[in-house]
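Shown next, in structure tokens, is the structure this report addresses.
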Amino acid sequence: METVILQPNKENLYKCAAHLKSGGLVAFPTETVYALGAVATNAAAVEKVFDVKKRSHDKPLIVAVAKKSDIATVARNIPDKARALIDAFMPGALTLLLDRAENIPDAVTAGGDTVAVRIPDNETAKTLIELTGAPVVVPSANISEKTSPTLASHVYDDLNGKISYILDGGASEIGIESTIIDTRCDPPEILRGGGVTADMIERVIGKVKFKRESVCGGNYMPLAEVFFSAYYDGMTQNICARYDELAKHGRKTAVICLDGNAAYYGERKLYRVGKSYSDYAHNLFAALRKADAEHVDAVIAEGVVSEGIGLSLINRLCKISRGNII
Ligand code: TXA
Ligand code: MG
């Protein structure tokens, strides 16, 4: 199968919607990361997503709809706190765990009673879903265990030859996945930190907690060994020392750093991820993919303050570094 990267013009959006309707898969941009879409109510199409991603069947898929009123077509019993979050953050980088409606097949929910629902804040994604006229599953468009794609070319690298179409929407604005929250319990539980932060959520519905076992959730495994630094005074000196130690042992090493810290690392190899924590989130996965493409053996990622989007970064980097904290 040949994989074609398409511009998201009207003709191509119709072509991709028709492909989805006929049970095919299409990768497309969202504001968090690129999605691998299939019609959520078509169990055979959903099955192909698991095949293509090499994803284990016990891991459910998020379902996307194009507008708020469509949430009721995939979920039942929407709690008041979920309604408040829908009003505040949808469309956006928030996924709600809700009771599933009957039309959502077991393949999507891994046999469970809940469905995770979101509305992407991206015109291409919304138009495609609308033209398809059905809810669409939106897992990240990478092979399982690899870093989520934030560019059409990342999707191509992973899925070339396995799907027909990739819609190219440029770089994903946010760059890390959506926050997943379950408001059916009290206090509501964040299963995965992401684009919408816990403080943003607490301003709307009050206290929430992080589900314990998912503090380091996610599934993004670069080939390079990743070290994640704690955040403290003197962090950059310690990173330099670790870098030099690794380099001495012949390992091609790089630091993922904010622009403002670049000068501390002198001539060492850097992947600069921008000025702010949002930039860091936006560019992290691309930096890790670049490290793999450049055959870097070891990556040291700078630490961040544990608040706001920093918490979501810590969540990702704990997992990516397999707890290799320095
Ligand atoms: O930002 C995002 O959410 C991206 C974009 C493309 O939509 N999608 C994404 O999907 O990150 P994926 O499949 O890579 O990660 C979805 C996570 C998985 O950890 C999965 O186990 C969890 O959501 N999940 C999905 N449905 C669930 C459910 N019903 N109950 C519990 N966890 C669920
Ligand atoms: Mg994923």
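The values are calculated or read from the model by the stated rules, or taken from the named source; none is laboratory data. These numbers come from a predicted model, not from an experiment. Every residue, glycine among them, receives a Cβ derived from its backbone with ideal geometry; neighbour counts consider all protein chains shown. For accessibility, only protein heavy atoms count, side chains too; no ligands or nucleic acids. Shrake-Rupley method; radii C 1.70, N 1.55, O 1.52, S 1.80 Å.
Loop-located chymotrypsin sites (Phe, Trp or Tyr not before Pro) in region 229-326 (DSSP state not H, G, I, E or B) with no more than 11 neighbouring Cβ atoms inside 10 Å: Y232.
Per-atom-type breakdown for the chain gives carbon and sulfur 49% of the accessible area (1.4 Å probe, protein chains only). Across all C-alpha atoms in region 1-128, the radius of gyration and Dmax reach 14.5, 46 Å. Could you tell me how far the Cα centroid of region 79-107 sits from the Cα centroid of region 232-304, in Å? For region 232-304 versus region 79-107, the Cα centre distance is 37 Å.
Computed per residue of the chain from DSSP H runs no shorter than four, each worth -39500 (n - 2.57), the mean residue ellipticity at 222 nm is -9500 deg cm²/dmol.
Our summary of shape: the Cα atoms of region 162-202 have principal axis extents of 43, 21, 10 Å, ordered from largest down, in whole angstrom.
Please work out the FRET efficiency for the pair A247 and I143, using the Cβ-Cβ distance as r and a Förster radius of 25 Å; give the result to the nearest 0.05. My answer for the efficiency is 0.25. Over all distinct Cα-Cα pairs of the chain, the Kirkwood formula returns a hydrodynamic radius of 20.1 Å.
Per residue, the accessible area of region 85-151 comes to 30 Å², computed with a 1.4 Å probe over protein heavy atoms only. Within region 66-137, the proportion of C-alpha pairs whose separation exceeds 19 Å stands at 31%. Within the shell defined by Cβ-Cβ distances under 15 Å, the residues around S276 carry a net charge of -3, with Lys and Arg each +1 and Asp and Glu each -1. Note on region 185-313: the alpha carbon radius of gyration divided by the globular reference 2.2 N^0.38 Å gives 1.17.
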